[in-house]
Amino acid sequence: MSATPTSKNRLRKSSDAPFFICLGVIGGTYVILIVGILLADIAYIFSADQSQTVDLDFNRDDADRPIASGSLLTSQFDRYGLAVHCQEDTDNRPTLIDNFNQYLLADNEQPIDDPLLSRDEQLAMLNKNLLVATVTPQAPRGKPRLDESIQYVFSWKEPVQLKELRCINIRGKSQLKVALYHKNGRQISNRQLAANPALVQLQKFQWKEPPSGPVSRLVISLPPGGAITGLRFVWGGHIPSAWEARLPFLSRLIHSPFTKALAKPEIQYSIRLSLITCTITAILSLWVAIPIGYLMSRYRFFGHSLLDAILDIPIVLPPLVVGLSLLIAFQFLPVFIREIVVYEIPAVILAQFMVACAFAVRTMRATFDQIDVRHEHVALTLGCSRFQAFHRVVLPDASRGALTAATLAWARALGEFGPLLIFAGATRNKTEVLSTTVFLEMNVGDLGAAVAVSLIMVTGAVLVLIVARIWGTRSMAI
């Protein structure tokens, strides 16, 4: 006969609400934090500013190939959508030369130093290619034409943000004029540089506050004896095609930091090396974890507690200490072994194995604890040897736990960083894996690539967890 709910039972049920609300708030805060950081990474990929700062010194083209002195400036910077010509002048052609060295002051002359440039910087700039105008189809190897004022027009297919213009005037008496134009042809500004009395005048023309704004055309009026030594600007990162204007979201997806990171050869190498080393680490971890987990689960012997504590050391030790301990341990081994392992690919596998195997051992021990020992005893009474009972009875029952241990070891190896940095190093195209790629990209200031690699690691970890939850041991927490 079922009992009717009493007022006491109803009171107890109603009082449970604040308790569960408290639990939900505490646990939900952590869940929201996890989901929030993942969503933030994804949002950054699609909303990050992909603009890049370009510093043209006319010594290398847009593919970082050297430009020979005497070259006509034609298509060397097409990647930036940049074209250069002399305004309303079909005779003069923009040319790159490096023969202004003859205009340097002699050692016994006293120059008036430009306040923006040191003497060493002046010498360094004069040993580089300079943009001047010539009248012949090919630039002359001798002295360039310096007897007239020239207007140079820099045109971009997509607006850019100007940061700095570097020019030289070997006569030091005339003024240089700079005009900026919008994409619709409207003039943004028109400024000029005051000349100083230095014989060789090197000048930096900078746009700081306020910024120059979107500029599609830059007109530089150089006085007689003038040349352009460099230009620095910020552009959007790529020149959009016609269809990208109609499908901006798809364009942003294709040209996102994620796709750009995947196109880098060093990141492709780190992905391959991570997949290989993590798989080898998972196999080795499972090879070790199965016998140790079975031994710790089935038998009690002298030193059992001590061995159990030793197996937990890689879990509780700081990762950097694990890597440092490996590095010190190998100092006592022969030199040829150190040369084969330390700061090589075997060091990556060993560093991952030292930490990942401990998690695999814990998982396999919990798996064997959940297997009824009577199944094994029945196999023994039916004439099986100890190995046959283990192979035919215990291992099939532990297969789901073994899959869980392998996936957990693989995921742990993927995220390993500290031991790798100390014991294997982070050398590009050698011992670089995904975790160290994040570190290297952050060091060079490429936050987009670092976030993209992080998302690759998150995706790998999620896939591993899905595999473990579907085909692994469901009743055991990972």
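Which whole-angstrom value gives the distance between the alpha carbon centres of the stretch 391-461 and the stretch 334-369? For the stretch 391-461 versus the stretch 334-369, the Cα centre distance is 13 Å. Debye-formula intensities of the stretch 370-478, expressed as log10 I(q)/I(0) at q = 0.16, 0.18 Å⁻¹, are -0.80, -0.89 (one equal scatterer per alpha-carbon, no solvent).
For the stretch 260-471, dividing the convex hull volume of the Cα atoms by the residue count gives 139 Å³ per residue. Using 0.36 nm per residue and subtracting the Cα-Cα separation, the extra length available between Val458 and Asn59 on full extension is 139.5 nm.
None of the figures in this text is laboratory data; all of them are computed from the coordinates on show. What you are looking at is a predicted structure, and each value in this text was computed from that prediction instead of being measured.
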